[in-house]
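Engineer: Dropping a structure here in structure tokens format, bear with me for questions.
Quick note: the coordinates plus some simple rules give every number you see, no bench work behind them. Everything quoted here is computed from the prediction, not taken from an experiment. Every residue, glycine among them, receives a Cβ derived from its backbone with ideal geometry; neighbour counts consider all protein chains shown.
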Amino acid sequence: DRDVTGVQTCALPICNEDVLPGLARGYFDLIFVDSFHTQAAVERDIELVLPLVKEGGVIAFHDYGLKIVGDKEVFGVTEAVDAFAQKRGLKVEVVRTLAVVRLEAPAAAAQDAETPAEGSDAVPVSPT
């Protein structure tokens, strides 16, 4: 399918373990992760999607910054994303509960870490 800008898009509501290993490595510009929310599950999702994203591509994560929904579920999205970004020297940009990590060289990420893009409401977050 093509979106309104003419860019080819593909949404795959899938079981990650079954499908992701069979997809083309280094093919995708953007992967949006919104799956199980435990830290271990998000860490596994990162392992599965990382080889699929082009250099300079983006992995976006839903529900970043959330800890508890209702009184039962504890989310680990924030911890998994921050650990991934810190390990690779990447920055995490956050808009509400969406975290975006661009896969770029650590030097380029450090250069841009001080300021978000002009006109953006993104807030750079330094993993601690």
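Engineer: Determine, from the Cβ-Cβ distance of Val74 and Phe28 and an R0 of 30 Å, the FRET efficiency 1/(1 + (r/R0)^6), rounded to the nearest 0.05. Intermediate results must be reported in sequence, preceding the final value.
Structural biologist: On the way: r = 29 Å, r/R0 = 0.98.
Efficiency computed from Cβ-Cβ geometry: 0.55.
Engineer: Pulled fully out, how much extra length does the chain show between Glu17 and Leu50, if you take 0.36 nm times their separation in residues and subtract their Cα-Cα distance? Numbers along the way, then the final one.
Structural biologist: Numbers: separation 33, 0.36 × 33 = 11.88 nm, distance 1.34 nm.
Working it through step by step, the gained length comes to 10.5 nm.
Engineer: Peptides 15-24, 86-95: what's the order by average Cβ count within 10 Å, highest mean first?
Structural biologist: Order by mean packing, descending: 86-95, 15-24.
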